[in-house]
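Heads up, the thing below is written out as structure tokens.
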Amino acid sequence: MSGRVANLQRAVAQAGPLRLGVTLLVLVMALVVARYSWNLTFAVSAERGLYDVRVDLNAPRVDQDERVVLVVFTEETLAATGKRSPLDRTMLARALTNLDALGPRAIGVDILIDQPQPEDPVLKAALLGMKTPTYFGFSSSTENGEFVQPWQEAHMREFFGSVVSAPVRTANIRLDVDSDNTWRQWPEPAQRPPGLLVNRIIGKTGYERYRGSAMFRKPLLADRPVFASLPVDLFGDAATAAALQDAIAGKIVLLGADLPEVDRFITPFTRISGVTTPGVELHAVLIAQALDGTRLTPIPPAVLWALALLAVLLGTLTGGFDLGVRVLGPLVIAEVGLLGWLPYAMQGWGYDTYGLPCAGLGVGWLLALMAASTTARLVGADQRKFAQGALGKYLPRDVAEQILREPEKLALKGERRPIFALFSDIEGFTSMCQSQPPEVVAATLNEYLDTMSDVVLKHGGTIDKFVADAVVAFWGAPLARPDDAARALACAVEMAQAGERFRHAEGARPAMGRTRVGMHWGDVVVGNFGGEGRIQYTALGDSMNVAARLEGANKKLKTAALISREAAEKMGLDRFRAMGRVRVRGRDKPIEVFEPLGAGAAVQDPELASLYADFERGETQALDRLKQHVAAAPQDKALTYLVQRLEQVGPGGIYDLD
């Protein structure tokens with residue numbers, strides 16, 4: 001983790017002020033969205049929807065509330081009375097009289113008496129005979145001017161003023177909805193008398209200024225709603241009403257309408273069920289909550305800020321770290337799940353999550369993730385471009401790209417694998433260095449090494465190191481290819497040929513000696529070696545030493561390139577001419593060496609190959625024919641020296657280079 005933090009710190013430092021400033025601006029925007037999404041037009045609908053879902057899913061299931069009962073006008077009532085609007089006041093008067101006789105605790109009437117009707121004297125007479133505290137709905141034109149005209153308010157004041165001697169009072173029956181017409185919270189306290197119905201009817205204080213969310217409940221059993229609801233028709237007849245005394249006595253009775261298209265409200269439950277709720281039942285919800293004395297715990301602003309910061313921080317860290325898909329996928333799922341679960345859990349824990357961002361947390365997290373990941377990708381692209389350029393000086397492009405995709409390949413570890421190892425050197429380079437100015441030596445060497453590096457990389461080799469004028473390279477690591485043998489051979493030949501250009505002076509560049517190449521195939525330990533602060537990808541083992549010795553053997557054998565039999569067999573022996581067997585310093589086992597065709601003076605020569613094979617089989621007279629054959633090519637010093645060695649060591653003999 002410390003390494004990832006260090007990488008993140010480096011990325012921040014490398015981002016640059018402009019890019020970092022834009023990123024910080026987006027992060028601030030993410031924080032604002034995560035904190036104030038309920039106040040943002042594009043997010044508030046989503047927040048309300050998620051709030052409704054968590055209220056619905058967290059609503060406790062309870063048995064029927066025995067303290068409040070609903071008595072409602074239904075479609076059947078309207079059909080029986082022949083009146084739809086306003087509701088029949090004769091039926092209302094009879095119901096109130098009969099309910100009063102059953103001994104309820106209080107009666108609330110969620111019906112506005114806002115216009116005169118012929119049956120008003122009957123209703124007044126019933127009210128004057130009431131003994132139960134009764135609260136009629138009232139609304140002023142000041143608070144509800146859209147639906148209550150001044151003349152309607154005047155009629156209500158006059159009507160209830162005429163029954164002031166009875167225990168009949170008015171109460172504010174407002175139910176405030178959000179801009180999406182959904183009822184979720186307690187109504188705003190009345191600015192002038194009368195007070196809200198819930199506060200007047202329960203006979204206790206404590207909720208006069210309360211503005212929290214309503215506490216919704218669900219029925220424990222489908223056939224027993226939270227509040228019993230009885231048709232008002234049952235109370236139009238005294239005898240029938242008397243049979244329902246147990247359902248009414250000692251309870252708060254709410255009279256209102258339960259009609260399909262009148263006084264119905266969208267609630268959080270509507271989001272999933274699609275069912276609206278009559279206004280009279282919403283008053284029952286408030287009354288039951290007040291009777292229980294329960295309130296949802298408000299969430300302090302500091303907690304809202306903390307959650308917003310958490311969302312942005314998680315998004316920033318997730319986007320800023322260079323994580324693999326296997327880690328990133330589960331992490332993203334876990335973070336999104338956490339941010340979605342927290343508001344749901346807090347609702348279940350009794351907190352008022354109205355105003356608590358949920359979609360905002362997700363959007364803020366996503367914005368932070370995108371900002372951090374975009375910046376990280378841009379910085380990473382710069383780093384990758386730089387690294388690819390740097391690695392590209394030592395590794396083939398495809399190898400460099402794979403290492404950039406899988407940086408774990410740069411871990412401090414080694415592995416054993418077979419490679420084609422190549423060493424090259426310039427004959428007489430030390431003498432040239434002593435005879436030329438330092439700047440000329442540096443310019444010449446840089447040009448030479450640049451040329452040789454291009455040749456190695458062109459043929460897919462990995463540059464191990466430069467040792468003064470020497471180039472060390474190999475094929476088969478860190479990636480092995482099926483055609484590594486052909487690549488390595490082509491590189492050896494081209495390096496020998498490219499070196500010929502430097503044997504001639506050109507401008508300020510002095511002439512240099514012959515480029516000599518040695519190559520061997522065998523097992524080595526290859527990997528990164530060094531410390532955490534400084535490492536080198538290199539190959540270690542006897543095969544590297546053999547290649548180095550073969551490069552040096554070119555001097556005595558007068559060849560341009562020497563390849564061991566182990567390597568030549570992998571490449572195809574028909575691409576070489578045999579140069580005998582030699583024993584190099586530090587290695588007892590002899591090495592059969594070959595010169596690749598195209599390097600130096602080596603050309604395809606079937607007769608030479610046949611004569612050499614005859615000599616190796618013990619046909620001593622073949623040596624004379626070899627001498628005659630070689631005499632025809634006096635410029636090919638490698639052949640001349642080969643014949644001299646064969647004459648000295650005999651068939652199957654070994655020439656010691658020490």
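The values are calculated or read from the model by the stated rules, or taken from the named source; none is laboratory data. From a predicted model like this one, the values you see are computed outputs, not experimental measurements. Neighbour counts are summed over all protein chains in view; Cβ atoms, including those assigned to glycine, are modelled from backbone coordinates with ideal geometry. Note: areas computed on protein heavy atoms with side chains; ligands, DNA, RNA excluded. Shrake-Rupley method; radii C 1.70, N 1.55, O 1.52, S 1.80 Å.
Worth a mention:
- Restricting the calculation to Cα atoms, region 473-516 shows an Rg/Rh of 1.19 when the hydrodynamic-style radius is the Kirkwood one.
- Heavy-atom surface of the chain, accessible at 1.4 Å and reported per residue (Å²): 47 Å²
- Taking all Cα-Cα distances within region 232-359, those exceeding 20 Å account for 67%.
- Restraint check, K458/K556; K465/K555; K570/K627, Cα-Cα greater than 24 Å: K458/K556; K570/K627
- Hydrodynamic radius (Kirkwood) for region 70-134, which is based on Cα pairs only, to one decimal in Å: 12.4 Å
- Based on Cα atoms of the chain, Rg over Rh with Rh as the Kirkwood radius reads 1.43.
- The magnitude of the dipole of the chain, with charges of +1 and -1 set on the Cβ of Lys/Arg and Asp/Glu and taken from the Cα centre, is near 1500 debye.
- Rg in Å to one decimal, and Dmax rounded to a whole Å, for region 27-116 via C-alpha atoms: 22.6, 67
- Linear extension gain, N181 paired with F42, 0.36 nm per residue minus alpha-carbon span: 48.3 nm
- Global geometry of region 59-210, whether rounded, prolate or oblate, following the gyration tensor of its Cα atoms and the 1.5 cut on a/c: rounded
- Candidate cross-link partners of K124 among the aspartates and glutamates, defined by an alpha-carbon separation under 19 Å and a same-chain spacing of 8 or more, comprise D88, D100, D110, D114, E153, E158, D237.
- The chain - share of DSSP beta bridges that are antiparallel (%, nearest 5): 55 percent
- A protection proxy built from the mean count of other Cβ atoms within 10 Å ranks the segments 350-356, 576-582, most packed first, as 576-582, 350-356.
- Cβ-Cβ FRET estimate between Q621 and R481, R0 fixed at 56 Å, reported to 0.05: 0.80
- Dmax and Rg, reported as Rg then Dmax, of region 161-313 (C-alpha, Å): 18.7, 70
- Carbon/sulfur fraction of accessible area - the chain, other protein chains in place, 1.4 Å, %: 57 percent
- E66/Q115 FRET efficiency (R0 30 Å; Cβ-Cβ; nearest 0.05): 0.25
- Here, P(r) means the percent of Cα pairs in each 10 Å bin from 0 to the largest distance; for region 115-170 it is 23, 51, 25, 2.
- Hydrodynamic estimate: the Kirkwood radius of region 283-328 over Cα pairs, inserted into Stokes-Einstein at 10 °C and 1.306 mPa s, corresponds to D of 111 µm²/s.
- Gyration tensor verdict on region 480-591 (Cα atoms; rounded if a/c is under 1.5, prolate if a/b is larger than b/c, oblate otherwise): oblate
- Value of relative contact order over the chain, rounded to a whole percent, pairs C-alpha under 8 Å and six or more apart: 13 percent
- Region 214-263: equivalent-ellipsoid semi-axes (sqrt of 5 x gyration tensor eigenvalues, Cα, Å): 22, 16, 11
- The loop-placed GluC sites (Glu not before Pro) in region 489-586, going by DSSP, that have at most 11 neighbouring Cβ atoms within 10 Å of their Cβ come out as E532.
- Each principal axis of the Cα cloud of region 562-658 was taken in turn, and the coordinate range along them, longest first, works out to 36, 27, 24 Å.
- The alpha carbon radius of gyration of region 169-218, expressed as a multiple of 2.2 N^0.38 Å, is 1.18.
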